[in-house]
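Peer 1: Got a structure here, written out as structure tokens. Questions coming.
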Amino acid sequence: MAATFTPDELERYARHILLKEIGGAGQQRLKAAHVAIVGAGGLGAPAALYLAAAGVGRLTLIDDDAVSLSNLQRQVLYRSSDVGAAKVTRAAETLTALNPHVAIHPCTERLAAANAEALLSGADIVLDGSDSFATRFAVNAACHALRITLVAGAVGRWDGQLGVFRSGPTRDRPEAERLPCYRCFVPEAPPNAETCAEVGIVGALTGVVGSMMALEAIKEIAQAGETLAGRLLFFDALAGEARTVRLARDPACPVCAP
């Protein structure tokens, strides 16, 4: 059944509905969609704001961390008064105030390989903004198993990257039509991987990449344009340059190889 809009929603989403690539049908798909966001930090915060503003019907926020003062340089969902509080609790309050038509489900449970499928089951699309390779690998494996599209972003210092991984939804297609998963790109965790806490991060970069993650999710849900499915976008903020590359499936991938 097609979603119906209240007068408030029709005015709220008017600029979307005017776009021929979204229109009323695309906005209905957004209202009917369930998006899960893993990590309510630098990437998850701007992504959640734009998805809530866009009218995604249901948002699940998964993060077991609390707000710290050092988060406020880039995690735009939070205020100084939120320091010490659970991120997803404060995020849910802010997002509900932004758009009361969106159902927000905060989850303070830490996502790991053992519970990833249970936490992500039922989502139409997953955004991963986590900063741990163990978490990223668990999210990717669960999305592949559950046949869910994954939008994964990462940032460091002045560089960002973004990809859309549809190995799950295409896993039963003929070989030529199957798309890669995240582990085709990163088969193993790199040794001595640096964290933002160790090397720093420019705050506005997380806004750029997080917003692009939301944009790719909106395009996937509304069936608008060409998404980054099967491709990777690399952004060099210092140089002001971006490039995209095609990602091939890894025949030896530990997750999606036959």
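Yes/no per residue for (1) within 26 Å of Ala142 (Cα to Cα); (2) in contact (Cβ under 8 Å) with a residue 12 or more places away in the chain:
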residue	(1), (2)
Val202	no, yes
Val208	no, yes
Glu216	yes, yes
Glu226	yes, no
Gly230	yes, yes
Phe234	yes, yes
Ala237	no, yes
Arg243	no, no
Arg246	yes, yes
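Peer 1: Which of the residues that make up the stretch 54-84 are of a type in the set (A, V, I, L, M), farther than 27 Å from Leu30 by Cβ and surrounded by 15 or more Cβ atoms within 10 Å (Cβ to Cβ)?
Peer 2: Ala66, Val67, Leu72, Val83
Peer 1: So which residues in the stretch 6-40 are surrounded by fewer than 23 Cβ atoms within 10 Å (Cβ to Cβ), of a type in the set (Gly, Ala, Ser) and within 24 Å of Leu162 (Cβ to Cβ), if there are any at all?
Peer 2: Gly26, the sole residue that qualifies.
Peer 1: Next question, about the same structure. List the residue pairs whose Cβ atoms are under 8 Å apart, where the first residue sits in the stretch 90-113 and is closer than 28 Å to Thr6 by Cα and among the basic types (Lys, Arg), the second is at pLDDT 95 or above and in a helix (DSSP H, G or I), and the two are 6 or more positions apart or on different chains.
Peer 2: What qualifies is Arg90/Asp82.
Peer 1: With the stretch 76-150 as the region, which helices (runs of 4 or more DSSP H) entirely inside it contain at least 1 residues that are within 17 Å of the chain's Cα centre (by Cα), modelled with pLDDT of 95 or more and of a type in the set (Asp, Glu)?
Peer 2: By residue number, 116-120.
Peer 1: Also, quick follow-up: Give the residues of the stretch 54-75 that are among the aliphatic types (A, V, I, L, M) and within 15 Å of the chain's Cα centre (by Cα), sorted by residue number.
Peer 2: Once the filter is applied, which keeps residues that are among the aliphatic types (A, V, I, L, M) and within 15 Å of the chain's Cα centre (by Cα), the stretch 54-75 yields Ala54, Val56, Leu59, Leu61, Ile62.
Peer 1: Under 7 Å between Cβ atoms, which residue pairs at least 6 apart in sequence (or on different chains) link something in the stretch 126-152 that is within 13 Å of Cys256 (Cα to Cα) with a partner that is among the basic types (Lys, Arg) and part of a helix (DSSP H, G or I)?
Peer 2: Listed pairs, sorted by first residue: Phe137/Arg183; Asn140/Arg183.
Peer 1: If the requirement is being part of a helix (DSSP H, G or I) and closer than 19 Å to Cys143 by Cα, which of these qualifies: Ala40, Ala53, Ala47?
Peer 2: Result: Ala47 is the single residue among Ala40, Ala53, Ala47 that is part of a helix (DSSP H, G or I) and closer than 19 Å to Cys143 by Cα.
The values are calculated or read from the model by the stated rules, or taken from the named source; none is laboratory data. Remember, predicted model here, so these are calculated numbers, not experimental data. So basically every Cβ, Gly included, is an ideal-geometry build from the backbone, and we count neighbours across all protein chains shown.
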